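The values are calculated or read from the model by the stated rules, or taken from the named source; none is laboratory data. Everything quoted here is computed from the prediction, not taken from an experiment. Glycine gets a Cβ as well: all are built from the backbone with ideal geometry, and neighbour counts include every protein chain shown.
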Amino acid sequence: MSSTARRPSLLRRIAVGLPAGVLVFACTAQPTPSPISGPSASAPPTDRPTAPSTDRPTGSATSPTAPPTPTPPTPAPPPVAHRIGVRVADGAGELFDRETGERYVPRGANLVRLDGYHVTLTPGYYDPDRIEAMLARMERDGYDVVRVFHDHRRGGLGGDAGLPGAYLDDVTDLLRRAKAHRITVILTQDWLPDGEAYAFSSDPGIENVNSLYLSRGGVEANARFFRDFAAGLVARRAPLDALLAYELRNELHFTDRFPPFSLGSGKVTTANGKTYDLSSADERTRLLQDGLVFWIDRVRQAILAVDPTALVAVGFFQPQGPNPSRIGDDRLIETKAAILRSSADLIDLHGYPGGELDLGQLVENFKLPKVTQKPILLGEFGAARAYYPNAEDAVRALVEWQIESCGYGFDGWLAWTWDSAEQPEFWNALDADGAIEKALSPALRPDPCALGGLDLAVELTRGATARASRALGDGPAANAIDGKADMIWNAGAGPAQWLEIDLRGARTVDEIRLLVSQYPAGATTHVVSVRAAGGSWRKVATLSGRTTDGQWLDVRPAEALAGIRYIRIETAASPSWVAWREVSVLGSGE
C-alpha cells in the first residue's frame, strides 16, 4: 500500500518521468495515466559487456616486438550466499535460517524517505547516519527486517547507460549496516528505471502498464534489469546474506484502460507465446494469470542466474472481488495464480485496518488458501489517522490486525512506516513516543499472535452482534461495530432511536466510545446503558451537548463494569437522522 504513484509504461523514447509535485500515498487508488504514443521499432540496448581495448605500446618501425601475452581475466567472485531460505514444514512454506536451521519470522517496518517519490537509497538523499540510528533502535526492539523502495527516476536508478554505481554503493552500504544489526532487507520497486538503459518496444495490442508484463520486450527488459542489479551487488561483494528478497514489484497490477484488457474482441499474443480470445471472459482471466506467472518465473530465473541462493518476492494489493473493493479503480490484479503456480519464493500481501474490507474479506479477495507452500508476508499494514484519531486506537487496531492475521497463515509483518514524517496522514511507529514501535516489538511480544507483555484493552465488539430500533437497507446495525468508520448504522429517521450491542458473553467494560455520524451539527442527547445477561438495564452516562460529524464521545466509568453482556445507546434528541459511524467497547473477557 505505499507508493502507487502512476506513470506510463517504459516504452522506448517516450518521456515517462513523474510530474513535478506528485506525492506518494499508501495504497491510494489513482487513475491510470493518459494514453501515450506508440513505441518505436528500435532495438533494446545491448546488454553485452564492452570489449576491452586492443591498443598496446608501439615498437620500433624497424624492429617490431611480439605482442605481450594477454593476462587472463580475474574470475568474478562468487556471490555471498543468502542466509534465509524457504522450506516446507507440515505442508506449509516457512522461512528459515540456513546457518542455524531455526525458523525465521520477519517482523519489522517499511523504511520510507520521500521527496516527490521514494529517495531512501537515492544518492544525495541517502543518510547513513540516520540509517544506522534507525537500525540500532530496531535491533534493540527485536525487529529483524526492513523493506526499502528503489527510486526508478533519473538521479536514482534511472539513466541511459546502465545502473549508476553510486546508487549500488548506497544499497551495499545499507546491507552492510543491516547485517551488523542482525536485520534483513527487502528491496522493492514500482517501475523499471527511467531512461534508455531499460527501455523496450511493446507488442501489438499490448499498451501502457500492461506492456511491462505481457510484451516480449517488457519481460526481457525486466529480466535484464534484475540480472544487472543482482550482478552489480555481487561485483561489490555486497553482504547478500542480509538481503531477504528481491521484490519484483511493490504492488503489481495491470490496467483495464488500455489494451488488451480494454478490448472486448479480437485476439492477442503475449510474451509466453500463447494467443488469447479477448471476447471470452475466461480467456481474459487466463491471459492475466498466465502472463503474471510467466513474468515472475522469467525474472526470477534471471536473478538466480547471477545470485543462485536469492529469494524472490512479489507484492500485491487486493483484487476487486468477490467482495466489492476499489470500485472504479482501473488497476487489475488476480493473485491466486501467483500464489499457487508461480516460482516466487515469497508472496507479499498488503492490507490496512479501517478500510473498506475487513481482514477476512481481504484474504478472500486474495484467494489465499489456508495452507500455502510459499511463506506469506503482510508487507504493509498501517493505521490511517482518519480512522484512528489517537495513538491508542492505532495501536489497538494494528495489534489486533496482526494477531488475527495469524489465523489466516501469515508468516511475517512489516508496519507502514517506521518514521516517515513526510506522510502525516498515517501513524508511524515512532509517533506518540514510539507507541506502535513498542506495541509491535518482538522484545515485548515474542509471539506475534498473542498480546504477550502488552497491556492493551481488547475491542469487545469483535464477534459481537447489533440490532436497532430501525435501519436503512444500506445502513444496518452491524455497520456500527464493523471497525470501519465510513460504514454507518443509519436509522433513517430522527429521535428517539436506539442501538443495542450483544457482546456474546459476560465482559468487563472499561470504556465505551461513540463515533458521531451527524448532519447538520447541533445539540444532541444520548443515554448509554448496560446490563448483564438476565439483568435489568443500568444507566451509566447521559451525553448532552453540541456534537458534529466525526467527533468521538467517550464514556469512562469510575470503575470497570463487570459481568456486562449488553450495551444500549438511546438517542433522545438530535437535529439529524440518528446514526453512528462506530461504537467501540473496550475491556476484557471474563
- Task: Considering each residue of region 311-328, count those that are surrounded by fewer than 22 Cβ atoms within 10 Å (Cβ to Cβ) and either among the hydroxyl-bearing types (Ser, Thr, Tyr) or more than 17 Å from the chain's Cα centre (by Cα) (or both), and give that number.
- Result: 7
- Message: With the structure loaded, tell me whether Thr417 is surrounded by fewer than 22 Cβ atoms within 10 Å (Cβ to Cβ) and either farther than 20 Å from Leu460 by Cβ or of a type in the set (Phe, Trp, Tyr) (or both) or whether it fails that test.
- Response: no
- Message: I need every pair where a residue in region 276-287 that is among the acidic types (Asp, Glu) has its Cβ under 6 Å from the Cβ of a residue that is crowded, with 19+ Cβ neighbours inside 10 Å, sequence separation at least 6 or different chains.
- Response: Glu283/Tyr276
- Task: Identify all residues within region 76-127 that are farther than 18 Å from Ala421 by Cα, not in a loop (DSSP other than H, G, I, E, B) and not β-branched (Val, Ile, Thr); write none if there are none.
- Result: Gly85, Arg87, Ala89, Ala92, Gly93, Glu94, Leu95, Phe96, Asp97, Arg103, Arg107
- Query: Just a yes or no: is a residue in region 239-255 in a helix (DSSP H, G or I), in contact (Cβ under 8 Å) with a residue 40 or more places away in the chain and touching a Pro at 6+ places or on another chain (Cβ under 8 Å)?
  - Reply: yes
- From the list His150, His181, which residue is closer than 13 Å to Leu111 by Cβ and within 18 Å of the chain's Cα centre (by Cα)? His150
- Query: Where residues in region 161-186 are assigned to a loop (DSSP other than H, G, I, E, B) and at pLDDT 95 or above, which of them is surrounded by the fewest Cβ atoms within 10 Å (Cβ to Cβ)?
  - Reply: Arg182
- Message: On the basis of being without any contact (Cβ under 8 Å) to a residue 40 or more places away in the chain and polar (S, T, N, Q), does Gln518 make the cut?
- Response: no
- Only residues that are within 21 Å of Ile183 (Cα to Cα) and free of Cβ contacts under 8 Å to residues at least 24 places away in the same chain: list them for region 429-443, please. Leu430, Gly434
- Note on the structure: All-but-one check, Leu263 against (1) of a type in the set (A, V, I, L, M); (2) under 24 Å from the mean Cα position of the chain (by Cα); (3) outside any helix (DSSP H, G or I), failing number (2)
- Which of the residues that make up region 414-436 are out of contact with any Leu (no Cβ under 6 Å at 6 or more places or on another chain) and charged (D, E, K, R)? Glu425, Asp431, Asp433
- Item | Of the criteria (1) under 21 Å from the mean Cα position of the chain (by Cα); (2) at positive phi, which one Phe410 fails | (2)
- Note on the structure: Contact list, first residue from region 330-344 and closer than 13 Å to Gly291 by Cβ, second anywhere and assigned to a loop (DSSP other than H, G, I, E, B), beta-carbon distance below 7 Å, six or more apart or interchain, is Leu332/His253; Leu332/Asp256; Leu332/Phe261; Ile333/Leu252; Ile333/His253; Ile333/Pro319; Glu334/Pro319; Ala338/Ala344
- Query: How many of the residues in region 92-142 are more than 18 Å from the chain's Cα centre (by Cα) and within 20 Å of Gly409 (Cα to Cα)?
  - Reply: 9
- Item | Residues located in region 342-384, provided they are among the aliphatic types (A, V, I, L, M) and closer than 17 Å to Glu251 by Cα | Ala344, Leu346, Ile347, Leu349, Leu362, Val363, Leu368, Ile376, Leu377, Leu378
- Got at least one residue in region 453-476 being at pLDDT 95 or above, of a type outside the set (Gly, Ala, Ser), touching an Asp or Glu at 6+ places or on another chain (Cβ under 6 Å) and surrounded by fewer than 20 Cβ atoms within 10 Å (Cβ to Cβ)? yes
- If you scan region 187-205, which residues turn out to be farther than 23 Å from Ala245 by Cβ and in a helix (DSSP H, G or I)? Glu196, Ala197
- Note on the structure: Expected single match for in contact with a Gly (Cβ under 6 Å, 6 or more places away or on another chain) and within 17 Å of Thr571 (Cα to Cα) among Trp498, Trp489 is Trp489
- Query: Just checking, how many residues over region 163-190 are touching a Gly at 6+ places or on another chain (Cβ under 9 Å) and under 17 Å from Ala223 (Cα atoms)?
  - Reply: 2
- Assuming Arg504 fulfils every condition listed in (1) touching a Leu at 6+ places or on another chain (Cβ under 7 Å); (2) at positive phi; (3) among the charged types (D, E, K, R) apart from one, which condition is it? (1)
- Query: Only one residue in Ala532, Ala572, Ala541, Ala562 is surrounded by fewer than 14 Cβ atoms within 10 Å (Cβ to Cβ) and more than 28 Å from Ala384 (Cα to Cα), so which one is that?
  - Reply: Ala562
- Item | Residue check, Leu292 part of a helix (DSSP H, G or I), over 21 Å from the mean Cα position of the chain (by Cα) and surrounded by 23 or more Cβ atoms within 10 Å (Cβ to Cβ) | no
- Which residues, counting only those in region 187-211, are surrounded by fewer than 18 Cβ atoms within 10 Å (Cβ to Cβ) and either under 26 Å from the mean Cα position of the chain (by Cα) or among the basic types (Lys, Arg) (or both)? none
